[in-house]
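Peer 1: My questions will all concern the structure given below.
The values are calculated or read from the model by the stated rules, or taken from the named source; none is laboratory data. As the structure is a prediction and not an experimental result, all values here were calculated from the model. Positions of Cβ are generated from backbone atoms using ideal geometry, with glycine treated the same way; all protein chains shown enter the neighbour counts.
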Ligand code: THU
């Protein structure tokens, strides 16, 4: 089973009564463990969480901190684009060259990297004077 298969599977569990837009994300870590997450919406809309955030939370709870590969899938006309906040969240735990596969449920894929998704990332270096 590929990382994308894991993302496809967990996407079915997305809780999306408001947008009806199901997203699944899967993360492979340096330890080899795979973590999955789906979006979980809330009637107080801003309280909803993205699939990537769910996978990252599962990863940290599972004791892993180093992302080595990511896959995200949705039923979108082109490979789903992670939101800005999720790009920053991925950059917290993965190096710039980490492969990210973005996919549609129709089978289209786009391969990119954490670094390409967030040029000019805010990093710890920016706080080096504090
Ligand atoms: N969403 C994700 O879970 N990940 C993405 O990469 C893009 C957007 C979710 C948030 C919300 O539940 C729904 O998709 C519509 O924005």
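Peer 1: Is it the case that the stretch 108-123 has a residue that's surrounded by 20 or more Cβ atoms within 10 Å (Cβ to Cβ), assigned to a strand (DSSP E or B) and in contact with a strand residue (DSSP E or B) (Cβ under 7 Å, 6 or more places away or on another chain)?
Peer 2: Taking every residue of the stretch 108-123 in turn, none turns out to be surrounded by 20 or more Cβ atoms within 10 Å (Cβ to Cβ), assigned to a strand (DSSP E or B) and in contact with a strand residue (DSSP E or B) (Cβ under 7 Å, 6 or more places away or on another chain).
Peer 1: Would a scan of the stretch 1-17 turn up a residue that is over 11 Å from the mean Cα position of the chain (by Cα), away from the ligand (no atom under 15 Å from the Cβ), farther than 20 Å from residue 117 by Cβ and modelled with pLDDT under 95?
Peer 2: yes
Peer 1: Hey, any hits in the stretch 73-93 for a residue that's over 18 Å from residue 23 (Cβ atoms) and in a strand (DSSP E or B)?
Peer 2: Checking the stretch 73-93: not a single residue is over 18 Å from residue 23 (Cβ atoms) and in a strand (DSSP E or B).
Peer 1: Something else: Given the condition near the ligand (Cβ under 10 Å from one of its atoms) and crowded, with 22+ Cβ neighbours inside 10 Å, answer yes or no: does some residue in the stretch 56-71 qualify?
Peer 2: No, the stretch 56-71 contains no residue that is near the ligand (Cβ under 10 Å from one of its atoms) and crowded, with 22+ Cβ neighbours inside 10 Å.
Peer 1: Those residues that are closer than 22 Å to residue 59 by Cα and surrounded by fewer than 15 Cβ atoms within 10 Å (Cβ to Cβ), I need them from the stretch 93-107; list them, please.
Peer 2: Across the stretch 93-107, the qualifying residues are 95, 96, 97.
Peer 1: Restricting to the stretch 2-49, what's the tally of residues that are without any contact (Cβ under 8 Å) to a residue 24 or more places away in the chain and within 17 Å of residue 68 (Cα to Cα)?
Peer 2: Total satisfying the criteria: 2.
Peer 1: Within the stretch 81-93, is even one residue more than 9 Å from the ligand (Cβ to nearest atom), more than 24 Å from residue 120 (Cα to Cα) and touching a residue at least 12 places away in the same chain (Cβ under 8 Å)?
Peer 2: Checked the stretch 81-93: no residue is more than 9 Å from the ligand (Cβ to nearest atom), more than 24 Å from residue 120 (Cα to Cα) and touching a residue at least 12 places away in the same chain (Cβ under 8 Å).
Peer 1: Test each condition in (1) closer than 24 Å to residue 60 by Cα; (2) without any contact (Cβ under 8 Å) to a residue 24 or more places away in the chain; (3) in a loop (DSSP other than H, G, I, E, B) for residue 130 and report the one that comes out false.
Peer 2: (1)
Peer 1: While we're on this one: Which of the residues belonging to the stretch 28-55 are away from the ligand (no atom under 14 Å from the Cβ) and either in a loop (DSSP other than H, G, I, E, B) or over 20 Å from residue 117 (Cα atoms) (or both)?
Peer 2: Hits for the stretch 28-55 are 30, 31, 32, 33, 34, 35.
Peer 1: Taking residue 69 and the conditions (1) within 17 Å of residue 115 (Cβ to Cβ); (2) free of Cβ contacts under 8 Å to residues at least 60 places away in the same chain, which numbered condition does it fall short on, given that it satisfies the others?
Peer 2: (2)
Peer 1: Of the residues that sit in the stretch 18-27 and are assigned to a loop (DSSP other than H, G, I, E, B) and touching a strand residue (DSSP E or B) at 6+ places or on another chain (Cβ under 7 Å), which one is farthest from the ligand (Cβ to nearest atom)?
Peer 2: 22
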